[in-house]
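The structure appears right after this line, and notes come after that.
The values are calculated or read from the model by the stated rules, or taken from the named source; none is laboratory data. Everything numeric in this text was worked out from a predicted model, so none of it was measured. Please note: Cβ atoms are built from the backbone with ideal geometry, for glycine as well, and neighbour counts cover all protein chains shown. Ligands, DNA and RNA are excluded from the accessible area calculation, which covers all protein heavy atoms including side chains. Shrake-Rupley method; radii C 1.70, N 1.55, O 1.52, S 1.80 Å.
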Amino acid sequence: ISACLVGSEMCIRDRSKSVGNISTLRDLLAAGHDPLALRYFLIAGAHYRSPLRLDEGALHSAAEQVRRLRDFKGRLDRLQPAEGASDRDLQDQAGAVRDGYRAALDDDLNVTQGMGLVFDLVRDANAALDRDRVGEAGRAALRQVLADVDRHLDVLGGGEEALDEEVEGLIEEREAARARRDFKASDEIRDRLKERGILLEDSKDGVRW
C-alpha cells in the first residue's frame, strides 16, 4: 500500500462507474481531497482483498475518521488529567482494544475490523473526557492505542509543522480580535482560512481546525 502512495501518477479505478474510468492521485488532490484521508481510505477502507468503491461518500467518510482520530489525539494532548480519577475500566478497555486490534491484523490484515474496535474506544473515551474522568494512567493507555494504530496508518503526525504554525498564528490573531470585540477582523480571518479549505470550530476545549 505504501508503494501505491508514492508518485503523483498512481491510479485508482472507480468500479462504481464505467470500466476504464481512472482517477490519479493528482486528480484527487487537485479536487481538494486530504492526502491523509486518501491514505486512510486505501489502507482501511476495505479489506485488502476486497474491491474499494471510490466515490465522494467513501472519501468523505475516510476524511471524517481521520478527523476523529486527530481530534481525539488533540484532546489527550491538551488534557489536564483529573487527580484521583477512577478510570480503571477505561484502562482495561484500552488494553482489550490493543489486543483486539492486533488479533484483527493477525487475521489476514483485517484493518477494517480493528479500526471498528478503535472507534468504539474513541467514543467511550470522549464521553469519559467530557465527564473529567480520565487520569494520567488512562491517558497513557489511550495514547498507546493511538501509537499502535498509527504505526500502520501514519495519519496522526508529521509533515504539517509549517501549516500548523501559520494557522495557529492566525487563530491567535482571531482570538485577540474577538477579545477586543473586533468581530469584523475575526470574521475576515475565519473567511481567509475557509477559502483555503480550513474550517474553525469553537469548542469548550478551545478552537479546533
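Residue 41 sits among other residues whose Cβ lies under 12 Å from its own Cβ, and their net charge, with Lys and Arg +1 and Asp and Glu -1, is -2.
Loop-resident GluC sites (Glu not before Pro) (DSSP state other than H, G, I, E or B) in the stretch 37-96 with no more than 12 further Cβ atoms inside 10 Å of their Cβ: 83. Annotation: peptides 67-76, 143-152, ranked by per-residue average of other Cβ atoms within 10 Å with the highest first, follow the order 67-76, 143-152. Taking the Cα centre of the chain as origin and assigning +1 to Lys and Arg Cβ atoms and -1 to Asp and Glu Cβ atoms, the resulting dipole is close to 440 debye. In this label model, residue 88 and residue 109 are separated by 4.1 nm, measuring between points 7 Å along each Cα→Cβ vector. Which cross-chain or sequence-distant (5 or more) residues have an amide H under 5 Å from the amide H of residue 134, H modelled 1.01 Å from N in plane? Amide H neighbours of residue 134, under 5 Å, 5+ apart: 82. Whenever you get a sec, compute what percent of the accessible area on the stretch 71-192 sits on carbon and sulfur atoms (1.4 Å probe). Result for the stretch 71-192: 45 percent of the exposed heavy-atom area is carbon or sulfur. Here the Karplus relation 6.51 cos²θ - 1.76 cosθ + 1.60, evaluated at θ = phi - 60°, turns the backbone of the stretch 46-59 into coupling constants of 6, 4, 5, 9, 9, x, 9, 9, 8, 8, 4, x, 5, 5 Hz, with x for every Gly and Pro. Dimensions of the stretch 20-69 based on its C-alpha atoms, expressed as ranges along the principal axes with the largest first, amount to 33, 27, 15 Å.
With helices as the sole contributors, the chain gives -20500 deg cm²/dmol at 222 nm; each DSSP H run of n ≥ 4 counts as -39500 (n - 2.57), and the sum is divided by every residue.
Here the calculated FRET efficiency for residue 53 and residue 191, from their Cβ-Cβ distance with R0 = 35 Å, stands at 0.50, rounded to the nearest 0.05. Length available on full extension from residue 154 to residue 176: 0.36 nm per residue minus the Cα-Cα distance, which gives 4.5 nm.
Where (i) 34; (ii) 28; (iii) 23 are the candidate values, the label of the one calculated here for percent of Cα pairs over 30 Å apart is (i).
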